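Chemist: Sending over a structure as structure tokens; questions will come in a sec.
Please treat every number below as a calculation from the coordinates, not as lab data. Bear in mind the structure is a predicted one, so any value in this text is a computation, not a measurement. Quick reminder, even Gly has a Cβ in these numbers, built from the backbone with ideal geometry, and neighbours come from all protein chains shown.
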Amino acid sequence: MPAMLKNSGAAALSEIERLSVESLRGRIGTSVWGGGVLLSLFALPLEGVLHLCAVLGDRKKSDIELLLAPVEGTGYPAITASVHQAHLFEREIAEQYDIRPEGHPWLKPVRFHEPYRKGAGVFGAERPGPAVWDYFRMKGEEIHEVAVGPVHAGIIEPGHFRFQCHGENVYHLEIQLGFQHRGIERATLANPARRLFYMETAAGDTTAAHATAYCRVVEALSDCKPSPRAEAARAIALELERLANHTGDMGALAGDVGYLPTMSFCGRIRGDFLNMTALLCGSRFGRGLLEEGGTRFDITPAIAAELSRRLDAAQADVAGAVGLLWKNPSVLARFEGTGAVSAETAAELGLVGPAARACGLKIDARTDFPSGHYLAGAPETVTLETGDVYARAMVRWLEMQQSLDFIRRTLPAAQGDTGLCRCGAFKPESAAVCVEEGWRGELCHVAFTDKDGKLSHYKITDPSFKNWTGLALALRGQQISDFPLCNKSFNLSYCGVDL
Amino acid sequence: MTAIADFAAALLLAPLLPGVINRVKAFFAGRRGQSVFQLYYDLRKLLAKGAVYSSASGFVFRLGPVASLAALLAALAVMPAGGHGSLASFDGDIILFAYLLALSRFVTVLAALDTGSSFEGMGASREVFFSALAEPAFFLSLAVLAKKAGAFSFNLIFLSANPVTGTPLLLVLAALFIVFLAENCRIPFDDPNTHLELTMIHEVMVLDHSGPDFALISYGAALKMWLLGAVVVRLALPFGGGTGGAQSPALFLAGIFALAIATGIVESCMARLRLLKVPALLLSASMLAFAAFMVS
């Protein structure tokens, strides 16, 4: 009987279903076209043979399924041909293990590093950098190409954007990241003592979510169960992270259309939310709050009271600041109809998080794959229909209000001594999966252990990994001058993809 | 002598205008904001720096900032940008004024194209397109003034007994204010604060300029604001000996800084227009001016 996992569950390798690549492809297709989700797809060496591992999620039943398929030879038929969500995953696999997904429509490296092993030589011996690789190009006398980045005017991360334009109209945008590949997944295996730090910095603005996912994976592998108080505190940290980032995004969106009041106010209020996280653990980004088996800091009644007071103040402030946006016709005129993504496209690409909910997809890992404190009741999932910048902004605003209520509801449950459940040795030859709803969308961590109970493989899938393609498609048929606004409305992570 | 004083005052005080606008914007955003003298500090800093020239650019790129500022200085000579008459004046100087502004833009655009950068080409294309639409509004406004004053000289227009009054005055002022915002790259046309190259119009054209060249450009931008602001202010405030109003430099200064404050308020209250909608607003400015021409 193949293992059907719940979120944050573990299974012995012997329980994981093994099948051929051909059947794996069929299973992924069946699942995805039936409303399921390809949470992650990667390759790993297992018992001396390279295997493809697919993590499929069933949102209705909250089931997670791990599938393994051995790959013989130097290639296999690409899954992307039938399931578009696999596009970037398969490029990653080809780059890491140097095998060729035959029939992949756009086979390029993702991070431009040396392959982990010698294989088919998919990308040749010479490895040019990200910005000098071939890009999709349009031809024509009046077509022009605009290249932006990797060095940007703002203080942001490096990424390269190629626009194929006719005048102001964008026909195609290709996004190439990989400039800050750090090798987090491999470092995690090599340096157990630093694991948690790596997770906290996998995507710096998603510290709580990545750290939570990692802790849950470790806890699943060692049968450790954190106290309900610790789970509640983690949920509060996750929601505070969401509040801070959403507030920052609302301000940045206002700034991009040149609307200063909301930009300035939200910049400050974001700081207020960050300071609430600092109130819990001393770090504005929640570093050091979590630990395998619980949390490092207790929420005393005094802290809870202070947090509650600050929440009230911040809620009033942010309502005023964001309210200005919805009342200003010139702002709405810029937001509405800009960078629209249809629900079909969003589903096909497997978009996640607010970007997907803005298109009308009712998906949220907190309700679809609940774990920890969310099992007792998650914030309501908010969706809009239009899929444009307005919808992405509005979804954030509605989510913020849900989060504020959720924190208030959760605060009593988090008070007091959280206690720490010490994680023991990992179960040998097992695998564990955790899905968390970060503020950008669901992220997935998968870990495998070897026969000695050591981590043998660790896979992180950041929501940005799935959503960047959404941004590229949102730009089609838009004005190039609207790119910064569309970009901000997705606000994706570069380092979360580069890892 | 008074004209020389006005000329000198314009040269000296022009960099205050962006400072005032920024302070107003900061006030509306709940911040304290930078000093109103910030541009002076920036100019001093830039002038002390060296300039970097790309090996891909030639003399046109170096000529741009100098020629652009020279054209603006010449325009200032024919504009009574103060409480008195202008430094130089002849019949037809309003046409010269408009084309000196156009010349200043022309050399800036050439310098932008000289870099060969796709950003700057994009900015140049936008700048030329939008200014081509702003020009009719500006000329039609001038035509209204010339028609009423019976002269093609700023001095005669502004020193004659209040040439335009009532509805036509409001229409022309509205048209000129829109032109003022568009030509000076203010919101809702352009966002002077943005760092996003893809959305810029004017700023993206001057990205490659550095050091003293950029100082000339920044100073030129402030001077242009003073020039176009003066047209609005001299029209809006009652000067001219004929109506008995005093030729008051103090009143003019109050007017031009009030205009800066108004610009700051506009920028704080609204977002930028979508680039596609910019032509519509510029055309409506032309229509306002045209209506003024018909009823005056």
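Chemist: Summing -39500 (n - 2.57) over the DSSP H runs of n ≥ 4 in chain A and dividing by its residue number, what mean residue ellipticity at 222 nm do you reach, to the nearest 500 deg cm²/dmol?
Modeler: -13000 deg cm²/dmol
Chemist: Hey, with R₀ at 41 Å, roughly what FRET efficiency would A:Lys327 and A:Ala305 work out to, going by the Cβ-Cβ distance, to 0.05?
Modeler: The value I calculate is 0.75.
Chemist: At 7 Å along the Cα-to-beta-carbon direction for both A:Glu348 and B:His195, put a label point, then send me their distance in nm to one decimal.
Modeler: The answer from the label model is 3.6 nm.
Chemist: Using amide H atoms built in the peptide plane, which far-off residues or other-chain residues are under 5 Å from A:Ala43 H to H?
Modeler: Correct list: A:Cys53.
Chemist: Which aspartates and glutamates, if any, have their Cα less than 14 Å from the Cα of B:Lys147, not counting same-chain residues under 8 positions apart?
Modeler: B:Asp91
Chemist: Within 10 Å of each Cβ in peptide A:335-344, how many partner chain Cβ atoms are there on average? Round it to a whole number, please. Present the calculation step by step, with values, prior to reporting the outcome.
Modeler: On the way: counts 1, 0, 1, 1, 0, 0, 0, 0, 0, 0.
Mean partner-chain Cβ count within 10 Å for A:335-344: 0.
Chemist: For the protein assembly as shown, compute Rg over Rh where Rg is the Cα radius of gyration and Rh is the Kirkwood radius from the inverse mean 1/r over Cα pairs.
Modeler: Values: Rg = 30.7 Å, Rh = 29.1 Å.
Expressed as Rg/Rh, it is 1.06.
Chemist: Using only atoms on other chains, find how many Cβ atoms lie within 10 Å of each Cβ of peptide B:265-275 and report the average. Each step should come with its number before you reach the end.
Modeler: Numbers: counts 0, 0, 3, 5, 6, 9, 17, 10, 5, 10, 5.
Rounded to a whole number, the mean comes out at 6.
Chemist: Going through the cross-link list A:Lys61/A:Lys362; A:Lys6/A:Lys466; A:Lys225/A:Lys451; A:Lys118/A:Lys451, which pairs have a Cα-Cα distance over 19 Å in this structure?
Modeler: Over 19 Å apart, Cα to Cα: A:Lys6/A:Lys466; A:Lys225/A:Lys451; A:Lys118/A:Lys451.
Chemist: Given the DSSP H assignment, sum -39500 (n - 2.57) over each helix run of at least 4 residues in chain B and divide by its residue total; what's the result at 222 nm in deg cm²/dmol, nearest 500?
Modeler: The per-residue figure over chain B is -22500 deg cm²/dmol.
Chemist: Now a separate question. Residue-wise, which Karplus ³J(HN,Hα) couplings in Hz belong to the stretch A:253-266, taking 6.51 cos²θ - 1.76 cosθ + 1.60, θ = phi - 60°, and x for glycine or proline?
Modeler: For the stretch A:253-266, the Karplus-derived couplings read 4, 4, x, 5, 9, x, 9, 6, x, 4, 4, 5, 4, 5 Hz, x marking Gly and Pro.
Chemist: In 5 Å bins starting at 0, how do the alpha-carbon pair distances of the stretch B:2-295 split up by percent?
Modeler: 1, 6, 12, 16, 19, 18, 14, 9, 4, 1, 0, 0
Chemist: Okay, moving on. Label points 7 Å out from Cα along the Cβ direction at A:Arg409 and A:Ser283: separation in nm?
Modeler: 2.9
Chemist: Using the per-residue mean of other Cβ atoms lying within 10 Å as a proxy for protection, in what order, highest first, do the peptides A:470-480, B:181-191 fall?
Modeler: Most protected by this proxy first, the peptides run B:181-191, A:470-480.
Chemist: Return the distance in nm (one decimal) between the two label points of a simple spin-label model at B:Tyr53 and A:Val49, each offset 7 Å from Cα along Cα→Cβ.
Modeler: 6.8
Chemist: So if R0 is 30 Å, what FRET efficiency would B:Met1 and B:Leu170 give, r being the distance between their Cβ atoms, rounded to the nearest 0.05?
Modeler: Efficiency, rounded to the nearest 0.05: 0.30.
Chemist: With the contact rule set at Cα under 8 Å and sequence spacing of 6 or more, what percent relative contact order holds for the stretch A:53-95? Mind showing how you got there, number by number?
Modeler: Working: 26 pairs, mean separation 10.2, N = 43.
Relative contact order, the stretch A:53-95: 24 percent.
Chemist: Okay, next question. Let me know the mean shielding of B:194-206 by other chains, meaning the per-residue number of their Cβ atoms within 10 Å of its Cβ.
Modeler: The shielding value for this peptide is 5.
Chemist: Also: Taking the Cα centre of each part, how many Å lie between the stretch B:81-126 and the stretch B:128-176?
Modeler: Each part reduced to its Cα centre gives a spacing of 18 Å.
Chemist: Could I ask something else about it? Report for the protein assembly as shown the percent antiparallel among DSSP-assigned beta bridges with both residues inside it, nearest 5.
Modeler: That works out to approximately 90 percent antiparallel.
Chemist: Under 5 Å between amide H atoms, partner at least 5 residues away or on a different chain: which partners does A:Arg100 have, H built in plane at 1.01 Å?
Modeler: Counting only residues 5 or more places away or on other chains, the set is A:Gly75, A:Tyr76.
Chemist: In whole Hz and in residue order, list the ³J(HN,Hα) couplings for the stretch A:58-74 that follow from phi through the Karplus curve 6.51 cos²θ - 1.76 cosθ + 1.60, θ = phi - 60°; x for Gly and Pro.
Modeler: In residue order, the calculated couplings are 10, 5, 6, 9, 6, 9, 10, 10, 9, 10, 10, 9, x, 10, 9, x, 9 Hz.
Chemist: Now for a separate question. Read phi for every residue in the stretch B:176-186 and hand back ³J(HN,Hα) as whole Hz from Karplus 6.51 cos²θ - 1.76 cosθ + 1.60, θ = phi - 60°, with x for Gly and Pro.
Modeler: 5, 5, 4, 4, 4, 5, 5, 5, 9, 6, 9
Chemist: Share of Cα-Cα pairs in the stretch A:184-498 beyond 38 Å, in percent?
Modeler: Summing the P(r) tail past 38 Å for the stretch A:184-498 gives 13 percent.
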